[in-house]
Amino acid sequence: MNVIILAAGQGTRLRPETINVPKGMVKLFQKSLLEIQIDIFKKLGITDISIVRGYLAEKIIFRSINYFYNENYSTTAGNVSLFCAKEKLQDSAIITYSDIVFDESIIRQMINFSGDFGIAVDLDWEKNYVDRDQHPKSEADNILFNKERKIIAFQKNLQKSHSIIGEFSGIVKLSKKGSLIFSKKLSELYISHKGKFHGSSSFAQSIMPDMLQELIDSGIEVEPVFVSGKWCEIDTPQDLERARKIFS
């Protein structure tokens, strides 16, 4: 199993913290967000770790890490960064973002997932948006489930309904079979897709939930892993202060 961490973005909403360093190198306490993730993965026995760099790439330096570079980081988003590291999608893999922090227990739960396509889901997600006006609830990467808890759709700003709503926690687990399927579809879309791509204006600007929706629309089962434990997305200075309180 290997890990791919997407860390190419400019993190403009987290400024001034990201004026001189990429978002993943912002420190939560004494360690950067990336260092915290790397330590957890290595503690759990995963040493094949790759980081996709872009903005201020030279500031992301760790020993024994594989590096890929998204040269178009300023005009593209997560799926293009993942395409840059597609050679790592040949075996089971965990994909995550550089701007999230999580308990070790959440990664254990993802490692233990035995299906082909698994995503970390928080059902108790609304508490994450209390007093979070810089990153409101309408921007959550929501997931709509049916009564059998099968994923129907990924969408921001989902309204209340009789269905179950959760939040994508930014972590994906692929089996070897899942990685090969994912890599093939990612490459096809990168080469040939034109126009709007699910919730994004184009494939170049698309993010992981768009790719997951594409899999579902293609008849591929993407399974939720209902994780328990602390996690935070850090997108704004307010998010950073919130994370420091939660993980203090």
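We did not get these values from a lab; they are worked out from the coordinates using the rules stated. Everything quoted here is computed from the prediction, not taken from an experiment. Virtual Cβ from ideal backbone geometry, glycine too; neighbours counted across all protein chains shown.
If packing is taken as the average number of other Cβ atoms within 10 Å across a peptide's residues, how do 83-89, 39-45, 130-136 rank, most packed first?
83-89, 39-45, 130-136
Find out how many positive minus negative residues lie around residue 67, taking Lys and Arg as positive, Asp and Glu as negative, among other residues whose Cβ is under 11 Å from that of residue 67.
0
Please state the equivalent ellipsoid semi-axes for the chain: what are the square roots of 5 times the Cα gyration tensor eigenvalues, largest first, in whole Å?
Taking √(5λ) for each eigenvalue gives 24, 22, 19 Å, largest first.
Based on the Cα coordinates of segment 55-131, what is the per residue volume of their convex hull in Å³? Don't skip to the end; give the middle numbers.
Values: hull volume 12.9 nm³, N = 77.
For segment 55-131, the hull spanned by Cα atoms encloses 168 Å³ per residue.
Given Cα pairs under 8 Å that are at least 6 residues apart, what percent is the relative contact order of segment 1-49?
On the way: 41 pairs, mean separation 19.4, N = 49.
The normalised contact order for segment 1-49 reaches 40 percent.
Using Cα pairs closer than 8 Å and at least 6 residues apart in sequence, work out the relative contact order for segment 2-246, in percent.
The normalised contact order for segment 2-246 reaches 25 percent.
Quick one: putting +1 on the C-beta of Lys and Arg, -1 on the C-beta of Asp and Glu, what dipole do you get for segment 155-233 around its Cα centre, in Debye to the nearest 20? Could the numbers behind the result be given before it?
Working: 10 positive and 8 negative charges, 24 e Å.
Here segment 155-233 has a charge dipole of around 120 debye.
What are the ³J(HN,Hα) couplings of segment 128-141, residue after residue, when phi is run through the Karplus curve with 6.51, -1.76, 1.60 and θ = phi - 60°? Round to Hz, x for glycine and proline.
Once θ is set to phi - 60°, the couplings for segment 128-141 become 5, 10, 5, 6, 10, 6, 6, 9, x, 4, 5, 9, 5, 7 Hz.
Name the residue from 140, 165, 36 whose Cα lies farthest towards the positive end of the charge dipole of the chain, charges +1 on Cβ of Lys and Arg and -1 on Cβ of Asp and Glu.
About the Cα centre, the residue reaching furthest to the positive side is 36.
In terms of Cα to Cα distance under 22 Å, which lysines are near enough to residue 137, apart from those fewer than 8 places away along the same chain?
Straight-line reach from residue 137, under 22 Å: 23, 127, 156, 160, 230, 245.
Given charges of +1 on the Cβ of Lys and Arg and -1 on the Cβ of Asp and Glu, with all other atoms neutral, how large is the dipole of segment 2-246 about its Cα centre, in debye to the nearest 20?
Here the size comes out at about 220 debye.
What is the distance in Å between the Cα centres of segment 69-146 and segment 215-241?
Each part's Cα centre sits 5 Å from the other's.
Residue 4's amide H: which non-local residues (gap 5+, or another chain) put their own amide H closer than 5 Å, with H modeled 1.01 Å from N in plane and none for Pro or chain starts?
The answer is 50, 94, 95, 96.
Rounded to the nearest 500, what is the 222 nm mean residue ellipticity of the chain from helices alone, with -39500 (n - 2.57) per DSSP H run of 4+ residues and division by all residues? Intermediate values should be presented prior to the final figure.
Numbers: 6 runs with 63 residues, N = 248.
Using -39500 (n - 2.57) per qualifying helix, the result is -7500 deg cm²/dmol.
Antiparallel DSSP bridges in the chain: what percent, to the nearest 5? Before the final figure, lay out each step's value.
Numbers: 23 of 42 bridges.
So the antiparallel bridges amount to about 55 percent of the total.
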